[in-house]
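Worksheet: one structure, shown below.
The values are calculated or read from the model by the stated rules, or taken from the named source; none is laboratory data. Bear in mind that the values here come from a model prediction, so they are computed numbers and not experimental data. In this analysis, Cβ positions are derived from the backbone assuming ideal geometry, glycine residues included, and neighbour counts consider all displayed protein chains.
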Ligand SMILES: [Zn+2]
């Protein structure tokens with residue numbers, strides 16, 4: 001039987017994938033887990049939140065190369081084009097969203113960690129009424145309001161345009177999608193200990209153990225290696241010693 005082999009989180013809508021990416025930064029036994037503005041940028045990227053470009057050393061060097069060796073310098077020209085295309089994409093996304101999220105800095109990390117902890121606590125709350133209250137309170141706290149974009153699609157937007165509010169506008173509604181118990185029961189942590197990514201098990205059997213095809217194949221490679229190592233040990237055991 002053909003089962004789902006693609007990345008389960010990439011099949012999910014971006015908000016849910018971003019929510020899981022954020023919640024996965026909190027690994028039991030490892031305090032915090034969220035340290036760098038770059039992590040916030042990655043989550044915003046997963047969420048599809050248009051974000052100000054960061055200072056990019058590679059882009060700076062490519063630009064420098066272009067100026068030193070001329071615009072036809074192979075690599076530099078290619079990078080320039082893709083950077084332009086990226087900027088255009090960002091522009092389109094920003095127009096659709098009606099705003100551009102500021103580039104994350106150190107000071108944004110703690111508020112986003114608080115957002116993560118709030119979302120995790122709400123999703124872990126067994127009482128439905130209390131869970132709803134917690135999520136609704138987060139909506140108020142981050143000043144989220146229902147909106148519509150220029151193509152008539154419904155959005156949730158933040159009142160304040162700072163990093164945590166921009167992320168909350170996507171992540172709080174995503175957490176609300178998980179409010180029904182039957183969906184939360186399908187939240188899993190990837191069985192690969194090095195991965196630990198959260199995902200939503202959408203398989204019919206509800207027995208999915210790994211977040212992605214990559215983790216599934218890594219685990220089977222490891223099992224294979226362990227079996228071979230086991231055989232080798234037994235082999236040695238048969239010899240003198
Ligand atoms: Zn995984």
- Task: Kindly provide the set of residues from region 193-207 that are more than 9 Å from the ligand (Cβ to nearest atom), closer than 21 Å to residue 25 by Cα and surrounded by 13 or more Cβ atoms within 10 Å (Cβ to Cβ), ordered by number.
- Result: 198, 200, 201
- Query: Would you pick out the residues in region 123-148 that are touching a residue at least 40 places away in the same chain (Cβ under 8 Å) and within 22 Å of the chain's Cα centre (by Cα)?
  - Reply: 123, 135
- Of 68, 34, 61, 40, which residue is closer than 23 Å to residue 14 by Cβ and at pLDDT below 90? 34
- Message: Condition (residue is more than 16 Å from the ligand (Cβ to nearest atom) and either outside any helix (DSSP H, G or I) or within 19 Å of the chain's Cα centre (by Cα) (or both)) applied to region 223-239: is it met by at least one residue?
- Response: yes
- Query: Are there any strands (runs of 3 or more DSSP E) wholly within region 131-220 with 1 or more residues that are at pLDDT 90 or above, touching a strand residue (DSSP E or B) at 6+ places or on another chain (Cβ under 8 Å) and closer than 27 Å to residue 38 by Cβ, and if so which?
  - Reply: 144-148, 154-158
- Message: Where the second residue is within 13 Å of the ligand (Cβ to nearest atom) and assigned to a loop (DSSP other than H, G, I, E, B) and the first is at positive phi and lies in region 195-210, which pairs have Cβ atoms under 8 Å and are six or more apart or on separate chains?
- Response: 196/24; 196/190
